[in-house]
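The values are calculated or read from the model by the stated rules, or taken from the named source; none is laboratory data. All values reported here derive from a predicted model rather than from experimental measurement. Cβ coordinates were reconstructed from backbone atoms using ideal geometry, including for glycine residues, and neighbour counts include every protein chain displayed. SASA here: full protein model, heavy atoms, side chains in, ligands and nucleic acids out. Shrake-Rupley method; radii C 1.70, N 1.55, O 1.52, S 1.80 Å.
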Amino acid sequence: MPVRDVRRRYIYSVVESEANISESLFISAIFDKVHFLYGVTGTTAMNIRVIEWDDEKQSAIVRVNHNKLNEMRAALAHMSEMGGAKVRVDIRRVSGTIKTLKSKI
């Protein structure tokens, strides 16, 4: 008997840009890009949630379903602009738990 039905992965990513990116801009950019690439059903299947945002480091921890990890990686890599500023989203680490992810970063 499984403990949980849904398995998740946590992605630590850093936004590299000359402009200062806010958390709300980052969240809307992720959802816009995922919706553009995979549509409404793909967006809901991914179950995306931004767990943590660090304004100083311009980094985020994003939660996604484990079987949609590759699609989320592609969506983050495809992001080149946020709020009119050129950006590059660099995925630094992926983990199955937040605790392990925070201990490695």
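Considering segment 87-105, the residues that are outside any helix (DSSP H, G or I) and open to solvent by 90 Å² or more (accessible area, probe 1.4 Å) include one that is nearest to ALA29 (Cα to Cα), namely ARG88. One residue stands out among those in segment 9-18 that are over 13 Å from ALA60 (Cα atoms) and at pLDDT 90 or above: the one that is least open to solvent (accessible area, probe 1.4 Å), which is SER17. Among the residues of segment 40-51, the ones that are touching a residue at least 24 places away in the same chain (Cβ under 8 Å) and either outside any loop (DSSP other than H, G, I, E, B) or open to solvent by less than 30 Å² (accessible area, probe 1.4 Å) (or both) come to 5 in all. Taken together, ARG7, ARG73 contain a single residue that is basic (Lys, Arg) and closer than 19 Å to ILE105 by Cα, which is ARG73. Count of segment 57-68 residues, restricted to those that are closer than 24 Å to SER17 by Cβ and open to solvent by less than 30 Å² (accessible area, probe 1.4 Å), is 6. Residues in segment 88-101 that are touching a residue at least 40 places away in the same chain (Cβ under 8 Å) and out of contact with any helix residue (DSSP H, G or I) (no Cβ under 8 Å at 6 or more places or on another chain): ARG88, ASP90, ARG92, THR97, ILE98, LEU101. Criterion applied to LEU37, LEU25, LEU76 was being assigned to a helix (DSSP H, G or I), open to solvent by 60 Å² or more (accessible area, probe 1.4 Å) and over 21 Å from THR100 (Cα atoms), and the one residue passing it is LEU37. Does SER13 satisfy being in contact with a Lys or Arg (Cβ under 8 Å, 6 or more places away or on another chain), under 15 Å from GLU81 (Cβ atoms) and not acidic (Asp, Glu)? Taking the combined requirement at face value, the residue does not satisfy it. Test ASP54 against the criterion of being at pLDDT below 95 and open to solvent by 70 Å² or more (accessible area, probe 1.4 Å), and give yes or no. When the stated conditions are applied, ASP54 does not pass them.
Just one of (1) at pLDDT 95 or above; (2) surrounded by fewer than 15 Cβ atoms within 10 Å (Cβ to Cβ); (3) of a type outside the set (A, V, I, L, M, F, W, C) fails for GLY84. It is (1). Would you say VAL6 is surrounded by 15 or more Cβ atoms within 10 Å (Cβ to Cβ) and touching a residue at least 24 places away in the same chain (Cβ under 8 Å)? In short, no.
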